[in-house]
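*Asks:* I am attaching a structure below and will ask some questions about it afterwards.
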Amino acid sequence: MKYTYYPGCSLEVSSKSYSDSALAVSELLGIELVELEDWNCCGATVYLSYEELISFSLCARNLALAEKYDRDLAVPCSSCYTSLKKTATYIQENAELRDKINQALQAAGLEYKGKVNIKHLLEVYVNDIGLDVIKSKVKRELKGLKVAPYYGCQIVRPLGFDDPENPTSLDRLTEALGATPIYFPNKTSCCGSSLVATNEELAFRMQKDLLLCVSGNDAEVIITVCPLCHMALDAYQKKVGKMYGFNFKIPVLHFTQLMGLALEIPSRKLGIKTGLVPLNKALTAYI
Amino acid sequence: MKDKMSILVVDDEPIMCDSCKKILTEKGFTVETALNGEEALKKFKKGDFDIVIVDLKMPGVDGMEVLRSVKKSKPEVDVVMITGYGTIPSAVEAMKLGAADYVPKPFTPEELGQIISQVVEERSKLVAEKAPKKGAILLDVFKKPSKVAYHPERVWVKDIKIEEALDENFLNEVRSTPGGERVMDCMQCGTCSGSCPISYRMDYTPREINAMVRAGLRDEVLSSNSIWMCSSCYLCTVRCPRQIKITDIMYALKNLAMKDKRFLKKAKSPLLSKYFVDIVNRYGRNHELELTLKFFLRANPRAILKHSLMGLRLFLRKRFSLFPKRIKNINQLRTMIRKAEALGGLR
């Protein structure tokens, strides 16, 4: 199966291990991810706050570029996924927006007809490839590993492919790898990533609630489906713990990294040691 | 306020009444006189006076009695006491009863004119303060209980000022945004505010913001921290029983606030957005290191020091790049952005 791949800015540098592991896992599952030629930033929440029309147009350029190929667009970042999918949906629904975006695209010699199907990478694995196939490819079952499958917000809301309140795709994928998803009632709570620069204290409070739930339910690893959630929970974990008097030490992996471990992909290829929270014994057992 | 303010002068000396009437008429007031307390109260009851000037010592109903009656029936009327027997206790008592001023006899026409001018000035200030401001009635409803006593009954206060407060264009601006179309469907159930992980820290909760948008309280909404606190998690949107896209409304409000510097004084998010936009417009992609440094240098330089170790650890793991990644066809992107700008946005 062939997909056009839109990595997004975070996966180029700060979460390169997400992209590396996604490419390695996909290859093993028989998925070819072809990077979209000359893609640009999706605008995320930040550009959208500044100017909506330009922000939608940024996404529309990517969609116009992707439309040249008759393939679905696979997106690993939840924020890019929502930005692109929202743009595609609103272009369909809102004639005035469609007209203005088309004018902007035309000025740049581009055109978008509205045919691109946008999918999150998790959606590709769980729905297109299927858990049975993944299960059959598992070489090393992650037996007994307690995993916190963290969805965050923008993969399931507002236009996600899973239940917006109680999604299960990542839980089921975890089980397919032989691991055990923990009881995690706030698995779709916001990580506060978009506030961490502008209102750190508030963002830390949101992260603290997540980390408390995860550690309280004895998770040995958190897996994320978004580079921004990963950064929030990994890079800031120590600071959040310090602020609230907890000694959190829960490694955070991109979900593709955990898949890679079960598929016996060399850990170096997965960038497994690029997190700031050191790996624990439960994880090193699989490396 | 009336065009001409009217004054009642009360003194048992006819010459005093006449001279006061002459001085004040010249100054543009409508003046009536009374020669004793009884006559004064009768005239006061019938007439519509703004100021009463009354002699303290009079046979029968004296000045203090007149002051008391006037203040009891119409507390908004100003009373100036005049007397030839100025003593401290009587002055204190008169002020306690609410006299606006206390003038000992004899006084020159200028002195009388000056005192009355002062009283008039104070009155106009008070009238201006008491007059309902644009949106004032509605705003009371939206204030948090901690700031102002909450009067749910005021929700139903009918005041012609409400119409004046409506900035219908504000509502239209929000409705014309993708996602903002259904704001009028809000039934104020508060599911959005109850779901929002941050509403407890907002000046106004999402439910209140919806109501305020509809009421046309533009300045209050756009200067509130609520719009910048929204972390865009869309929980409100997916839970709203009326399918109102509240997160999108927040984006519309951020965009509107961005266009007016008055609203951006306190919030840091607009600054982050501005730097982000600059970077994306320049390279076509985000450059995380540049954005982080630029933003914190301006918004919170101490944070750079505070997070320097974390930054270094990320850098050592190659999670920060010193150089930006650029797209090849940046000119195409810029042409598109310029065109979108020329189209004047969504509103």
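*Asks:* For B:ASN210, all conditions in the list (1) within 13 Å of chain A (Cβ to nearest Cβ); (2) buried (at least 24 other Cβ atoms within 10 Å of the Cβ) hold save one; what is the number of the exception?
*Replies:* The number of the failed condition is (1).
*Asks:* Test B:ILE244 against the criterion of being under 19 Å from A:ALA203 (Cβ atoms) and β-branched (Val, Ile, Thr), and give yes or no. Reasoning before the result, please.
*Replies:* Details: under 19 Å from A:ALA203 (Cβ atoms): no; β-branched (Val, Ile, Thr): yes.
Judged against the criteria, B:ILE244 is not a match.
*Asks:* When only residues in the stretch A:146-161 that are within 12 Å of another protein chain (Cβ to nearest Cβ) and not aliphatic (A, V, I, L, M) count, which is farthest from B:GLY179 (Cα to Cα)? Spell out the reasoning first.
*Replies:* From the stretch A:146-161, those within 12 Å of another protein chain (Cβ to nearest Cβ) are A:151-160; that's our starting set.
Those still in the list that are not aliphatic (A, V, I, L, M) too: A:151-154, A:157-158, A:160.
Details: A:TYR151: 24, A:GLY152: 22, A:CYS153: 18, A:GLN154: 16, A:ARG157: 14, A:PRO158: 11, A:GLY160: 16 Å.
Looking at residues that are within 12 Å of another protein chain (Cβ to nearest Cβ) and not aliphatic (A, V, I, L, M), I get A:TYR151.
*Asks:* For the condition of a type in the set (D, E, K, R) and under 20 Å from A:ALA197 (Cβ atoms), what is the one hit in B:LYS245, B:LYS254, B:LYS259?
*Replies:* After applying the criteria, what remains is B:LYS254.
*Asks:* Now for a different question. Report, by residue number, each residue of the stretch A:189-209 that is in a helix (DSSP H, G or I), within 11 Å of chain B (Cβ to nearest Cβ) and in contact with a Leu (Cβ under 7 Å, 6 or more places away or on another chain). Spell out how you get there, then give the answer.
*Replies:* First, pick out the residues of the stretch A:189-209 that are in a helix (DSSP H, G or I): A:193-195, A:200-209.
Right, trim to within 11 Å of chain B (Cβ to nearest Cβ) and you get A:193-195, A:200-203, A:205-206, A:209.
Listed by number, the residues that qualify are A:SER193, A:LEU195, A:LEU202, A:ALA203.
*Asks:* Would it be correct to say that B:ASN255 is facing chain A (nearest Cβ under 10 Å) and farther than 20 Å from B:CYS230 by Cα?
*Replies:* Values: facing chain A (nearest Cβ under 10 Å): yes; farther than 20 Å from B:CYS230 by Cα: no.
No, not satisfied.
*Asks:* Can you tell me which condition B:PRO241 does not meet? The list is (1) at the interface with chain A (Cβ under 10 Å from one of its Cβ atoms); (2) touching a helix residue (DSSP H, G or I) at 6+ places or on another chain (Cβ under 7 Å), and all the others hold.
*Replies:* Status for B:PRO241: all satisfied but (1).
*Asks:* A further question on this structure: Given the condition part of a helix (DSSP H, G or I) and polar (S, T, N, Q), answer yes or no: does some residue in the stretch B:29-41 qualify?
*Replies:* Within the stretch B:29-41, the first condition is being part of a helix (DSSP H, G or I), and the residues that meet it are B:37-41.
Imposing the further condition that a residue be polar (S, T, N, Q) reduces the set to none.
No, the stretch B:29-41 contains no residue that is part of a helix (DSSP H, G or I) and polar (S, T, N, Q).
*Asks:* Residue check: is A:THR274 modelled with pLDDT of 95 or more and within 14 Å of chain B (Cβ to nearest Cβ)?
*Replies:* yes
*Asks:* State the number of residues belonging to the stretch A:1-46 that are part of a loop (DSSP other than H, G, I, E, B) and among the small types (Gly, Ala, Ser). I'd like the intermediate steps shown before the answer.
*Replies:* At the first step, the residues of the stretch A:1-46 found to be part of a loop (DSSP other than H, G, I, E, B) are A:1, A:6-8, A:12-15, A:29-31, A:36-43.
Of the ones still in play, those that are also among the small types (Gly, Ala, Ser) are A:8, A:14-15, A:30, A:43.
Number of matching residues: 5.
*Asks:* Restricting to the stretch B:298-347, count the residues that are surrounded by 13 or more Cβ atoms within 10 Å (Cβ to Cβ), among the aliphatic types (A, V, I, L, M) and more than 7 Å from chain A (Cβ to nearest Cβ).
*Replies:* 4
*Asks:* How many residues, within the stretch A:60-90, are outside any helix (DSSP H, G or I) and surrounded by 24 or more Cβ atoms within 10 Å (Cβ to Cβ)? Reasoning before the result, please.
*Replies:* The first filter runs over the stretch A:60-90 and keeps only residues outside any helix (DSSP H, G or I), leaving A:67-77.
Checking the rest, the ones that are also surrounded by 24 or more Cβ atoms within 10 Å (Cβ to Cβ) come to A:73-77.
Total satisfying the criteria: 5.
*Asks:* Out of all the residues in the stretch B:281-297, is one or more under 36 Å from the mean Cα position of the chain (by Cα), on the phi < 0 side of the Ramachandran plot, assigned to a helix (DSSP H, G or I) and more than 10 Å from chain A (Cβ to nearest Cβ)?
*Replies:* Taking every residue of the stretch B:281-297 in turn, at least one turns out to be under 36 Å from the mean Cα position of the chain (by Cα), on the phi < 0 side of the Ramachandran plot, assigned to a helix (DSSP H, G or I) and more than 10 Å from chain A (Cβ to nearest Cβ).
*Asks:* Separate question: Of the numbered conditions (1) under 24 Å from A:PRO164 (Cβ atoms); (2) under 18 Å from the mean Cα position of the chain (by Cα), B:CYS233 fails exactly one; give the number of that condition.
*Replies:* Condition (2) is where B:CYS233 drops out.
A quick yes/no check of all residues on (1) within 17 Å of A:VAL156 (Cα to Cα); (2) at pLDDT below 95:
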position	(1), (2)
B:ARG201	no, yes
B:VAL213	no, yes
B:GLU220	no, yes
B:CYS236	yes, no
B:PRO241	no, no
B:ILE246	yes, no
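*Asks:* Of the residues that sit in the stretch B:65-80 and are at pLDDT 90 or above and of a type outside the set (Asp, Glu), which one is surrounded by the fewest Cβ atoms within 10 Å (Cβ to Cβ)?
*Replies:* Taking the stretch B:65-80 and keeping what is at pLDDT 90 or above, we get B:65-70, B:77-80.
Next, from what is left, pick out any that are of a type outside the set (Asp, Glu): B:66-70, B:77, B:79-80.
Working: B:VAL66: 26, B:LEU67: 21, B:ARG68: 16, B:SER69: 18, B:VAL70: 25, B:VAL77: 18, B:VAL79: 27, B:VAL80: 22.
So, considering only residues that are at pLDDT 90 or above and of a type outside the set (Asp, Glu), the one surrounded by the fewest Cβ atoms within 10 Å (Cβ to Cβ) is B:ARG68.
*Asks:* Moving on. Looking at B:THR87, is it at pLDDT 90 or above, polar (S, T, N, Q) and either surrounded by fewer than 18 Cβ atoms within 10 Å (Cβ to Cβ) or under 39 Å from the mean Cα position of the chain (by Cα) (or both)?
*Replies:* Details: at pLDDT 90 or above: no; polar (S, T, N, Q): yes; either surrounded by fewer than 18 Cβ atoms within 10 Å (Cβ to Cβ) or under 39 Å from the mean Cα position of the chain (by Cα) (or both): yes.
Taking the combined requirement at face value, the residue does not satisfy it.
The values are calculated or read from the model by the stated rules, or taken from the named source; none is laboratory data. All values derive from a computational prediction rather than experimental measurement. Glycine also receives a Cβ, built like all others from the backbone with ideal geometry; neighbour counts cover every protein chain displayed.
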